[in-house]
Amino acid sequence: LVALTLYKKPSTMIARGRFVLKSVARLSARQEPLLSHGSPLISQARSIATPSFQLCMPITTIDVPTMGDSITEGTIVDMPVAPGDYVQPDDVVVVLETDKVSVDVRAPEGGALVEIFGEIDDVVEVGSNLFRLDTDADAPELEEPAPIKEEDTLTPMSGAETPAAPTPAPAAPSPPTAADAAATTPPPAPKVAPPQPESPAFMGQRTERRTKMSRMRQRIATRLKDAQNTAAMLTTFQECDMGALMEMRKKHQDAFTAKHGIKIGFMSAFVQAATAALQEVPVVNAYIDDETQEVVYREFVDISVAVASPNGLVVPVLRNTENMSFADVEHNIAMYAQKAKEGTLGLDDMAGGTFTISNGGVFGSLMGTPIINPPQSAVLGMHATKMRATVDERGEVVARPMMYLALTYDHRLIDGREGVTFLRSIAEKISDPTKMLLEV
């Protein structure tokens, strides 16, 4: 090949050299399962190119991207493509899972995937090499299905041999006479009742299934257990009359939707009520710095809202809620809910937070004790609204829509007086929404 290319132009030599390298690379990909058992040219990584080929091929190396300030590593959980496959720009090559989110690492440009530095469940560090692309590879052409040939179809052939006639069956033997049957019949044996088998007990299926815990699930379990082991958690309860809020929502729903383009829900009212109560009782918005043994008071309010996602519970943050209106809260919650459904929540969306609201009522929970999300000092639990008998101001027993509210707080920092005062303030603002308007 080299002798033949000496008589060609330099551009032709380069083009043919690249063609040879690509052909060898594709051949190596097809023979990789056979060569990996004994050939020293095949490395332990998922690769279709040896080091000598990598020096000549136009290789682009993609590193593990930065996934947040506190994230230093991730776990490979999926590899949709394999070495040797051609990927288009923005195709997902590797899926990494961290303590908080899953990150799709995409191809920056089109090319053939040469190598992936790792396997499923391998841990890779931020900034290390993740995979390599041959950006000079040609995109494969779509193969058209071969047309069906007429001669391949099954058609009756002329002149075929007719099948032979079936052989007649032999004549049946004549039935025995009565005398013969009497001579050959043995005497009847005594009848013995067979033992009845015991009916076995009914046993259903008793199968088990094991699945590996995701990195996010492991991190959630660790943080929840650390919260129990560190904070002196205490839960207090309060009942809340939802009638006035439901009436206000029903009365102004159409006008609110027409102006802001989104419906008003209960969560925006609770966010506003919690924000006002946090400003009234600032110790609930503070936290303990265990390293310096100091109490840090925050002059802003960032409320974390627990949202269910396919990968588990995530807690995006509504920032500076003291400056938000009801419409702002509803728009931000809708945006985070859509991101959680699509799995596109980023680390910046969940970082921080000074207080958490968890709404277990959407699943029908009547009462529960939420767990603090460290380093926060308190969490509010909302529950289902049920019609219950209550006594009104005139002393009459009436049915009202009631909700139980639960506040779990760190008793190391928050005393019972502050905790009960804070929760009662939220309940009063929800029972009479005009108090939020008048800031009382």
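The values are calculated or read from the model by the stated rules, or taken from the named source; none is laboratory data. Remember, it's a predicted structure, so these values are computed and weren't measured experimentally. With ideal geometry, Cβ positions are generated from the backbone for all residues, glycine too; neighbour counts draw on all protein chains shown. Surface areas here come from the heavy atoms of the whole protein model, side chains and all, with no ligands, DNA or RNA. Shrake-Rupley method; radii C 1.70, N 1.55, O 1.52, S 1.80 Å.
Contact map, region 338-358: first residue under 19 Å from residue 322 (Cβ atoms), second residue assigned to a loop (DSSP other than H, G, I, E, B) and of a type in the set (Phe, Trp, Tyr), Cβ cut-off under 9 Å, separation 6 or more or different chains; pairs are 354/300.
Looking only at region 398-419, filter to residues that are hydrophobic (A, V, I, L, M, F, W, C) and crowded, with 17+ Cβ neighbours inside 10 Å; which one of those is farthest from residue 240 (Cα to Cα)?
Of everything passing the filter in region 398-419, 413 is farthest from residue 240 (Cα to Cα).
Screening residue 68 against (1) surrounded by 16 or more Cβ atoms within 10 Å (Cβ to Cβ); (2) outside any strand (DSSP E or B); (3) touching a strand residue (DSSP E or B) at 6+ places or on another chain (Cβ under 9 Å) leaves a single unmet condition, (3).
One line per residue, one yes/no per condition, for (1) open to solvent by less than 40 Å² (accessible area, probe 1.4 Å); (2) in a strand (DSSP E or B); (3) not acidic (Asp, Glu):
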residue: 255; (1), (2), (3): no, no, yes
residue: 291; (1), (2), (3): no, no, no
residue: 299; (1), (2), (3): no, no, no
residue: 308; (1), (2), (3): no, yes, yes
residue: 329; (1), (2), (3): yes, no, yes
residue: 336; (1), (2), (3): yes, no, yes
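With (1) touching a His at 6+ places or on another chain (Cβ under 8 Å); (2) without any contact (Cβ under 8 Å) to a residue 24 or more places away in the chain as the list, and residue 395 as the residue in question, which single condition is left unmet? All conditions are met except number (1). Look at (1) surrounded by fewer than 18 Cβ atoms within 10 Å (Cβ to Cβ); (2) under 32 Å from the mean Cα position of the chain (by Cα) and you find that residue 314 fails only one, number (1).
Here is a yes/no grid of residues against (1) open to solvent by 30 Å² or more (accessible area, probe 1.4 Å); (2) touching a Gly at 6+ places or on another chain (Cβ under 8 Å); (3) free of Cβ contacts under 8 Å to residues at least 40 places away in the same chain; (4) within 27 Å of residue 420 (Cβ to Cβ):
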{"site": "243", "(1), (2), (3), (4)": "no, no, no, yes"}
{"site": "246", "(1), (2), (3), (4)": "yes, no, no, yes"}
{"site": "251", "(1), (2), (3), (4)": "yes, no, yes, no"}
{"site": "275", "(1), (2), (3), (4)": "no, no, no, yes"}
{"site": "284", "(1), (2), (3), (4)": "no, yes, no, yes"}
{"site": "296", "(1), (2), (3), (4)": "yes, no, yes, yes"}
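Residues that are open to solvent by 60 Å² or more (accessible area, probe 1.4 Å) and either aliphatic (A, V, I, L, M) or touching a strand residue (DSSP E or B) at 6+ places or on another chain (Cβ under 7 Å) (or both) within region 218-232 comprise just one, 224.
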